[in-house]
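The values are calculated or read from the model by the stated rules, or taken from the named source; none is laboratory data. Nothing here was measured: the structure is a model prediction, and the numbers come from that model. Cβ atoms come from the backbone with ideal geometry, glycine included; neighbour counts cover every protein chain shown. The area values use the complete protein model at the heavy-atom level, side chains included, leaving out ligands, DNA and RNA. Shrake-Rupley method; radii C 1.70, N 1.55, O 1.52, S 1.80 Å.
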Amino acid sequence: MEPSRLVLIGSAASKAMSPRLWNPVFQELGLGWTYDAWDVPAGGDLDEVRRRLLAPGIVAANVTMPHKHWAAETADEATDPVLLSGACNLLVRKGTRLVGHNTDISAVTALLGGQYQRHALLLGAGGAARAAMIALEGHLGTVSITDRDPHAAAELLDLARERGMDARTVSWQQGQELSADASLIVNATPIGKSMSDGPAWGDGPLAPDAVVYDFVYARHTTASVARARGMGVRCIDGWEHLREQAVAMVPLLGLDGQSGRLLKETLERIRAAS
């Protein structure tokens with residue numbers, strides 16, 4: 001069977017934007033490809049998921065929470081960003097092997113543009129936070145890491161120190177208090193998906209030079225983005241991140257040059273209709 005299917009693997013994959021983004025692009029390109037969602041809960045049968053990925057017809061798989069670490073481990077080959085971060089959000093089929101990529105890192109790099117950050121506050125310590133931290137390497141003074149799971153925060157701290165970064169873990173409450181000093185606040189949690197959620201860092205102030213990078217994309221403007229904009233703080237939202245990580249996939253999937261333009265146009269239409 002000629003490869004023709006891309007999939008998204010995640011605990012809430014069927015609620016994600018990706019199929020609505022990619023399927024119109026594939027239709028416009030006339031490839032005959034489709035993009036489907038596979039809901040795989042935390043603790044699901046990931047061995048079976050890998051077997052399905054090696055079935056006829058699969059081109060590649062995007063991977064989202066909470067399986068980015070698993071994707072890095074299951075990859076038969078991996079790019080340096082995946083090896084450095086321990087997280088993978090794209091598995092590309094190569095015969096009977098899976099090649100791991102991390103386009104989250106590409107997106108953060110593109111959107112932050114190599115700007116130096118005197119103090120980055122990472123809210124969350126999963127795959128998205130790992131991508132942000134690796135993208136910041138060489139452009140970072142200090143980094144504070146917090147997660148409601150202390151074990152996850154400790155693992156990310158170990159990675160930061162292995163990379164020679166000036167890093168520390170703090171409690172969730174301490175992290176919220178530090179938001180007033182941070183030049184970059186990264187929301188790498190699901191906080192904001194619900195309209196009832198408040199800002200990820202709580203109700204405190206932000207530094208005048210702060211940048212808020214919110215990985216969450218939703219039909220509504222998240223409270224983190226709304227609060228930051230109200231303070232006159234620069235924001236990078238989840239829609240922008242989704243756009244850049246999708247564009248970074250184009251050459252990895254062997255798609256032609258117009259694909260990037262089509263992705264941007266399709267995403268703008270989806271956002272305008274939300």
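Normalised per residue, the accessible area of segment 1-107 is 45 Å², obtained with a 1.4 Å probe and no contribution from ligands, DNA or RNA. To the nearest ten degrees, helix 127-136 and the longest principal axis of the Cα atoms of the chain are 70 degrees apart.
Maximal additional length on extending the HIS220-LEU29 stretch stands at 65.8 nm, based on 0.36 nm per residue less the C-alpha distance. Under the combined filter of DSSP loop state and at most 11 neighbouring Cβ atoms within 10 Å, segment 215-262 retains these trypsin sites (Lys or Arg not before Pro): ARG219.
On full extension of the chain, what length is gained from TRP38 through HIS151, given 0.36 nm per residue of separation minus the C-alpha to C-alpha distance? Before the final figure, lay out each step's value.
Values: separation 113, 0.36 × 113 = 40.68 nm, distance 2.75 nm.
That pair, TRP38 and HIS151, stretches by 37.9 nm at full extension.
For segment 1-45, the spread of Cα positions along the three principal axes, ordered from largest to smallest, is 37, 25, 7 Å.
Note on GLN173 and ASP80: the extension gain reaches 30.1 nm, defined as 0.36 nm multiplied by sequence separation minus the Cα-Cα distance. Within the listed set ALA110, ALA78, ALA125, the Gaussian network model of the chain (springs between alpha-carbon atoms below 10 Å) gives the highest mean-square fluctuation for ALA110. In order along segment 173-186, the phi-based Karplus estimate (6.51 cos²θ - 1.76 cosθ + 1.60, θ = phi - 60°) of 3J(HN,Hα) comes to 5, 5, x, 4, 5, 6, 4, 5, 9, 6, 8, 9, 10, 10 Hz; Gly and Pro are listed as x. Would you mind telling me the share, in percent, of accessible area of segment 132-215 contributed by carbon and sulfur at probe 1.4 angstrom? Carbon and sulfur atoms account for 48 percent of the accessible area of segment 132-215.
Show me the three semi-axes of the equivalent ellipsoid for the chain, from the C-alpha gyration tensor (sqrt of 5 times each eigenvalue), largest first, rounded to whole Å.
On the way: eigenvalues 188, 90, 54 Å².
Largest first, the chain gives 31, 21, 16 Å.
To the nearest ten degrees, helix 238-252 and the longest principal axis of the Cα atoms of the chain are 40 degrees apart. Here the accessible area is traced with a 1.4 Å probe on the protein chains. For segment 35-85, carbon and sulfur cover 53 percent of it. 3J(HN,Hα) couplings calculated from phi for segment 228-234 with the Karplus curve 6.51 cos²θ - 1.76 cosθ + 1.60 (θ = phi - 60°) are, in sequence order, 5, 4, x, 8, x, 8, 5 Hz; Gly and Pro show x. Axis angle, to the nearest 10 degrees, between helix 103-112 and the longest C-alpha principal axis of the chain: 40 degrees. Diffusion of segment 1-85 by Stokes-Einstein, at 4 °C in a medium of 1.567 mPa s and with Rh set to the Kirkwood radius over alpha-carbon pairs, works out to 95 µm²/s. Roughly speaking, what is the centre-to-centre gap between segment 118-168 and segment 184-247 when only Cα atoms are used, to the nearest Å? If we compute the Cα centre of each part, the gap is 18 Å. Mean silhouette area of segment 167-274, derived from the convex hull of its C-alpha atoms and averaged over all directions, reads 8.3 nm².
Measuring spread by the Cα atoms of segment 148-210 yields a radius of gyration and Dmax of 12.9, 39 Å. Heavy-atom accessible area, probed at 1.4 angstrom with all protein chains present, ranks HIS241, HIS69, HIS151, HIS220 as HIS151, HIS69, HIS220, HIS241, highest first. Secondary structure note: in segment 76-142, about 55% of the DSSP beta bridges are antiparallel.
For the set GLU155, GLU73, the ranking by accessible area, highest first and with no ligand, DNA or RNA atoms included, is GLU73, GLU155 under a 1.4 Å probe. Calculated accessible area for segment 132-269 comes out at 44 Å² per residue, all protein chains present (probe 1.4 Å; ligands, DNA, RNA ignored).
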